[in-house]
Amino acid sequence: SGLGDFLRVGNREFTLKKGEKTTILSELLALESKQLGVYTGKIIVSSGSIRKEILLVVEVESRNPLLDVKLEIPKEYLKVKPGYEVSAEVSLVNLERVGFIDAQINYVIKDINDNVLFEENENIRFKDESRFFKNIVIPESAKTGDYVLYVNVFYEGKTANASAFFKIVDYAILIIIL
């Protein structure tokens with residue numbers, strides 16, 4: 001996974017008999033020298049022919065941020081075909097509430113291996129709160145798989161991040177309500 005700089009796992013290999021359990025101790029560490037941003041990866045758990053993947057996102061942001069950012073992808077956009085839109089609700093909250101914030105927002109879609117599929121920047125000015133939807137057309141060339149949409153908000157030398165997973169699929173489910 002691309003999270004090797006952050007994730008420290010204790011017992012990486014172990015043997016279990018049928019019905020047994022174990023606890024895997026792990027730590028997530030972001031050193032101050034690490035570049036601010038969003039990092040993706042996965043933990044792979046396997047046994048024989050069984051393989052499970054756990055998707056992870058690590059968001060490294062400034063200490064003592066002046067704002068909070070939230071990102072939510074509505075259920076109907078959690079699976080999207082290439083050429084179609086993914087839509088996300090972005091919420092910004094000025095934590096200090098001491099006037100306007102002029103911020104730059106960076107929207108990025110990347111796969112679980114940190115390959116960037118889409119990137120766009122825009123500027124925003126708001127006072128206390130701002131809530132809006134961001135619509136992004138998935139490129140026709142996109143491959144199927146798990147992706148993360150993340151938002152980096154830069155302001156006054158600080159950054160705040162939020163992210164959400166979604167899938168790019170080669171099929172779409174059409175729901176018709178009569």
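The values are calculated or read from the model by the stated rules, or taken from the named source; none is laboratory data. Quick caveat: nothing in here was measured; it's all calculated off a predicted structure. With ideal geometry, Cβ positions are generated from the backbone for all residues, glycine too; neighbour counts draw on all protein chains shown. These accessible areas exclude ligands, DNA and RNA; they are computed on the full protein's heavy atoms, side chains included. Shrake-Rupley method; radii C 1.70, N 1.55, O 1.52, S 1.80 Å.
Overview of values
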quantity: Label-point separation, residue 144 to residue 113 (7 Å along Cα→Cβ), nm; calculated: 1.7 nm
quantity: Flagged links, alpha-carbon separation over 30 Å, of 17/75; 18/110; 21/75; 52/110; 52/75; 18/70; calculated: 17/75; 18/110; 21/75; 18/70
quantity: Residue 128 - accessible surface, heavy atoms, 1.4 Å probe, Å² rounded to 10; calculated: 60 Å²
quantity: Spacing of the two label points (7 Å from each Cα toward its C-beta) at residue 53 and residue 23, in nm; calculated: 2.9 nm
quantity: Stretchable slack from residue 15 to residue 167, in nm (0.36 nm times residue separation minus alpha-carbon distance); calculated: 51.4 nm
quantity: Proximal charge balance of residue 75 [Cβ under 15 Å; K/R count +1, D/E count -1]; calculated: -2
quantity: Solvent-accessible surface (1.4 angstrom probe) belonging to residue 158, in square angstrom, nearest 10; calculated: 60 Å²
quantity: Neighbour net charge for residue 116 - beta-carbon separation under 14 angstrom, K R +1, D E -1; calculated: -2
quantity: Calculated FRET value between residue 121 and residue 89, using beta carbons and R₀ = 30 Å, to 0.05; calculated: 0.95
